[in-house]
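Peer 1: Have a look at the structure that comes next, please.
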Amino acid sequence: MNSAATVRSEPSGYFQQSGAIRSVTERTVKFGGRQRLAIPPTVVSDLSLIYPEAVVASSQPLGWQNLRALEMRQTISEWTIPPLENHCIVVQLGPSVDVTARIGDENFEQSLEPGTITIVPAGLSVDWQQEDTTSHTLHLYLDPQFLRTTAESIDVDYSQVSIAPQFGIRDEHIHHIGMSLHHELKDSNVIGRLYADSLAKVLAMQLVRRYSYLKDLQTSRGGMAPRKLRKAIEFINDNLDQEETVSLSGVAAAVQMSYFHFSRAFKQSMGISPNAYMTEQRIGRAKKLLSDTDLPIADIALRAGFASQSHFTTTFRKLVWTTPKAFRNKL
């Protein structure tokens with residue numbers, strides 16, 4: 001039986017609704033012996049308009065301008081999400097759940113553990129199927145216009161940026177931002193609002209910097225040609241453990257650019273300096289070695305391209321907010 005529900009949403013900041021009133025028709029059907037909520041292909045801004053009963057907490061009444069956050073507990077096993085107006089970042093709060101999903105034209109199948117991240121770019125629909133267990137998640141929504149403003153602030157031509165779907169990834173930066181915003185959902189003071197808005201910009205920069213289609217990424221002024229940028233990144237990643245080879249001068253020579261021009265153009269294109277990018281990649285490799293091997297931390301430091309274990313530990317603590325040993329012990 002079909003029923004119609006009218007949902008009214010109050011616009012705030014970047015989150016302007018296409019219309020003051022939206023009509024959402026819900027139809028419950030059986031699929032493989034499970035309950036599935038079928039949603040018509042209506043573009044919406046966030047999932048609170050479709051699954052209001054699943055919302056545990058929302059930033060809507062807190063006056064956040066640049067980002068919307070929802071804490072959700074979803075109990076149905078299968079659902080379809082129509083194309084969203086906003087980019088959606090989903091942080092898995094727990095418990096672990098086995099999921100098969102289709103985001104746009106891409107298929108994914110993975111166990112989503114607490115802390116993993118899923119990114120659904122604006123305009124893409126989602127088909128979701130999970131085991132019969134409650135899914136507890138934090139949803140963060142960024143308006144594409146806010147992402148454009150943020151990209152332009154670091155001289156990136158947003159018209160050339162396409163955010164790539166991600167499923168079940170680990171990103172300590174996004175996870176830290178998500179947990180901070182999750183905490184702020186419980187605090188409605190003015191300082192909390194300003195803090196949330198500042199985190200929104202950091203989150204937007206992370207999406208542009210790390211999860212854009214690199215082949216389309218160009219800069220409005222002084223950036224690297226995409227072909228040279230790809231070659232530089234490949235060279236860095238292939239030589240991370242060789243501290244001398246992967247020096248800035250070495251990378252610049254590999255792409256046939258002067259040291260000064262390369263350093264400036266790389267930052268224009270990526271929104272981060274080459275040294276900072278190398279450090280992030282080394283930490284990423286170190287985290288994988290800490291997770292997947294029993295190698296001593298001193299050996300991991302060398303394999304990740306750090307000159308010493310102490311340098312590695314200091315850098316790791318700065319970026320990951322914990323020591324390598326503590327990180328491994330949590331696994």
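The values are calculated or read from the model by the stated rules, or taken from the named source; none is laboratory data. Not measured: the values here are computed from a predicted model. Methodologically, a virtual Cβ is constructed for each residue, glycine included, from the backbone with ideal geometry; neighbour enumeration extends over all protein chains shown. For accessibility, only protein heavy atoms count, side chains too; no ligands or nucleic acids. Shrake-Rupley method; radii C 1.70, N 1.55, O 1.52, S 1.80 Å.
Peer 1: More than 25 Å apart: what percent of Cα pairs in the stretch 42-191 qualify?
Peer 2: Looking at the stretch 42-191, the distances longer than 25 Å represent 25 percent of pairs.
Peer 1: Same structure, new question: Starting from the Cα of D197, step 7 Å toward the Cβ, then list every residue of the stretch 169-190 with an amide N under 15 Å from that point.
Peer 2: Backbone N within reach: 189-190.
Peer 1: What figure, in Å² to the nearest 10, do you get for the accessible area of L194 with a 1.4 Å probe and non-protein molecules left out?
Peer 2: Using a 1.4 Å probe on the heavy atoms, I get roughly 100 Å².
Peer 1: Karplus couplings for the stretch 262-267 from phi (6.51 cos²θ - 1.76 cosθ + 1.60, θ = phi - 60°), rounded to Hz, Gly and Pro as x?
Peer 2: 4, 4, 6, 5, 4, 5
Peer 1: Would you mind checking K231/K267; K186/K288; K231/K288; K231/K318; K267/K318; K288/K330 for any pair whose Cα atoms are more than 25 angstrom apart?
Peer 2: In this structure, K186/K288; K231/K318 lie more than 25 Å apart at Cα.
Peer 1: Measuring from label point to label point, each 7 Å out along Cα→Cβ, what is the R303 to N189 span in nm?
Peer 2: 4.6 nm
Peer 1: In nm, what is the difference between 0.36 nm times the number of residues separating T100 and D132 and their Cα-Cα distance?
Peer 2: Gain on stretching T100 to D132: 10.3 nm.
Peer 1: Compute the distance in nm between two label points, each set 7 Å from the Cα along the Cα-to-Cβ direction, one at K330 and one at H176.
Peer 2: Placing both labels 7 Å along Cα→Cβ, they lie 1.1 nm apart.
Peer 1: Could you report the stretch 83-186's accessible area per residue, 1.4 Å probe, as an integer in Å²?
Peer 2: Ligands and nucleic acids excluded, the result is 38 Å² per residue.
Peer 1: Next up: Out of the stretch 232-331, which GluC sites (Glu not before Pro) are coil in DSSP terms and have no more than 16 other C-beta atoms within 10 Å? Let's see the in-between values first.
Peer 2: Numbers: sites: E234, E243, E244, E280; in loops: E243, E244.
The qualifying sites are E243, E244.
Peer 1: When the Kirkwood hydrodynamic radius is evaluated over all pairs of different C-alpha atoms of the stretch 236-280, what value in angstrom, to one decimal, is obtained?
Peer 2: 10.5 Å
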